[in-house]
Amino acid sequence: MIKNVDGNGIESQSANGYADWVDDFTAERERRAALGDPVWAQGAELPAALVRSIQRFQVGEDGDGVELRAKAAAAGDPAYAEAVALFVAEEQNHARMLALLLSAAGAETLCGHWSDAAFVRLRRLLGLRLELLVLMVAEVVALRYYRALRDGAGDRLTAEVAGRILADEERHVPFHCRRLRESLAALPAPGRYAATTGWRALLAGAALVVAYDHGPALRGLGVRRASFFRDVLRSSAPMAAAMDGRGPLPGR
């Protein structure tokens, strides 16, 4: 198999390298279309703290992904670039569903939030590798948040929307782990471990901010701030090992 190394140290495999992920995202898009949307007309009953929390996550899911798609295209693997475009479309669908959930609860969306603006600026600083590492921070935090929302909201529509988003996020993590494993493979073992250690430190900071900022909503979902923080960090250990080559890639 022919490999090229781009400016981020990422080995770009042949065009077939990510064909399986293109198939995965495409099949999910078709399954989603066949399933249709949740029944928005049933409405949603959400406390004010949870509305504010969902509003902030909706901002984070929204975006056109222009920078990420451009960097993926520049990496030289057409199949990977296509898979990234399909990933971005799934994230946009999350934003759409959260906006409709808020509307079903009689609430509006936000124009922006400082936490999302900070993540976007950080992701755009360097190349694809850093963007994916920062993106993985958001994905891992989202896994715990949407699980809490699905299990603790006590509202049928909210649980359905959160469950759909959670299922997508659980597929996204192996996708990004695989690419980051390829990227970090260009570094010596100590460099790979340093990169994932730094990633986990960044994740810890983000989890702490989310636990504090969304504390009232998390309490309403039956999750304490400290538990949320610990759960996020605990779940990140096998992902870090998968990215730096110490452990297996997570299954889809």
Would you kindly derive the ³J(HN,Hα) couplings of the range 203-213 from the backbone phi angles with the Karplus curve 6.51 cos²θ - 1.76 cosθ + 1.60 (θ = phi - 60°), listing them in order in whole Hz, with x for Gly and Pro?
-> 4, 4, x, 5, 5, 5, 5, 5, 4, 6, 5
What does the highest-first list of 159-170, 23-34, 226-237 look like by mean Cβ count within 10 Å?
-> 159-170, 226-237, 23-34
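First check a/c for the chain, with a ≥ b ≥ c the square roots of the eigenvalues of its C-alpha gyration tensor; if it is under 1.5, answer rounded, and if not, answer prolate when a/b is larger than b/c or oblate otherwise. Could the numbers behind the result be given before it?
On the way: a/c = 2.00, a/b = 1.46, b/c = 1.37.
Note, shape of the chain comes out prolate.
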MRE, 222 nm, helices only [DSSP H, n ≥ 4, -39500 (n - 2.57), over the chain, to nearest 500] | -24500 deg cm²/dmol
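Values in this text are rule-based calculations from the coordinates and carry no lab data. These numbers were taken from a predicted model, which means no experiment stands behind them. In this analysis, Cβ positions are derived from the backbone assuming ideal geometry, glycine residues included, and neighbour counts consider all displayed protein chains.
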